[in-house]
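For reference, the structure discussed in these notes is given below.
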Amino acid sequence: MQHAYRQPSYYEGGACGYSDASYIAQESALRATFKRLLYNLAKRSLTGGQLLEIGCGYGYLLDEARLFFDRRVGTEFSPQGAEIARTTGADVFVGGVEQIPPEAKFDCVVATQVIEHVYQPLPFVTQIAERTTPGGHIVLATPNIGGVLSKFMGRRWPSFKAPEHVVYFDFQTLSALMRRAGLDDVRRFPYPHAFPLGLLAAKFGLALPPLLAPFKIWMPATTFAVYGRVPNNGRSENLSGGACFAPEPKLRQRIGVMRGSRARAGRCRDFNGRRRATPTVATSGHGSHVADLWS
């Protein structure tokens with residue numbers, strides 16, 4: 001998939017990626033979403049200092065963050081996307097979080113619409129935590145598999161996107177993952193999301209007059225966010241592989257692996273990196289097949 005992410009067509013209406021509406025066509029809605037995110041960060045005194053955004057796209061969030069952070073840094077797999085994002089004045093590295101110098105530490109790390117693309121979410125969150133200052137915060141936002149829209153639409157849910165999206169979360173399971181990665185004070189973070197009307201119409205297979213397409217609409221229950229704090233000692237027992245690594249037994253029994261949906265992708269991995277033939281769905285309800293992903 002990294003090859004697909006690096007293609008110029010990924011953000012510009014290619015077969016893989018932003019196929020229903022280009023990233024540029026969604027700019028107004030994305031900027032509105034990110035402004036709300038930054039406002040909510042400021043309300044919780046999580047702004048100031050250094051910001052790292054994982055998967056920054058064209059840098060819309062980094063640009064809106066000028067007044068909120070002293071330094072802005074991003075990562076982006078697309079060389080074209082990284083080049084555009086650099087025009088915001090941010091430092092942008094081509095690749096993933098591993099491209100960030102190990103000695104670099106950030107007060108706030110944000111990854112929106114990223115973790116659902118990650119084959120091994122636990123090492124991913126651990127890597128982010130290692131690049132966060134003690135006492136700093138990590139914010140993750142992802143499509144809500146436990147939301148009303150996903151339950152209503154079932155297999156037709158637009159976030160079932162093969163082969164890009166390989167793991168899905170609800171609040172309970174994403175929170176558990178973040179705690180397992182060593183974060184504490186894990187809480188829900190408000191994340192209202194705006195979408196262009198044209199994109200929503202395309203997702204539902206509807207025709208829309210071009211003049212109406214740019215109008216944005218706020219959609220509840222499509223995406224959710226969770227934030228947590230990196231402990232002041234820098235590494236907790238969870239991060240160092242201690243006894244706290246295993247989740248509580250009840251949660252272990254609630255991790256569902258979904259089969260038979262249009263989300264079916266090629267070869268995917270679970271939280272431990274084991275290969276699976278289907279995407280992983282981490283939900284607080286019972287899936288049609290249940291697997292212990294932490295064994």
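Identify, please: which residue in segment 30-65 is on the phi > 0 side of the Ramachandran plot and free of Cβ contacts under 8 Å to residues at least 40 places away in the same chain and is, among those, surrounded by the most Cβ atoms within 10 Å (Cβ to Cβ)? If we take residues in segment 30-65 being on the phi > 0 side of the Ramachandran plot and free of Cβ contacts under 8 Å to residues at least 40 places away in the same chain, then G59 is surrounded by the most Cβ atoms within 10 Å (Cβ to Cβ).
The number of residues in segment 138-155 that are among the hydroxyl-bearing types (S, T, Y) and either part of a helix (DSSP H, G or I) or in contact with a Lys or Arg (Cβ under 8 Å, 6 or more places away or on another chain) (or both) comes to 1. Can you confirm whether segment 90-100 contains a residue that is in contact with a Lys or Arg (Cβ under 8 Å, 6 or more places away or on another chain) and more than 20 Å from Q127 (Cα to Cα)? Yes, that holds for at least one residue.
Just so you know, all these numbers are worked out from the coordinates, no wet-lab data involved. These numbers come from a predicted model, not from an experiment. In this analysis, Cβ positions are derived from the backbone assuming ideal geometry, glycine residues included, and neighbour counts consider all displayed protein chains.
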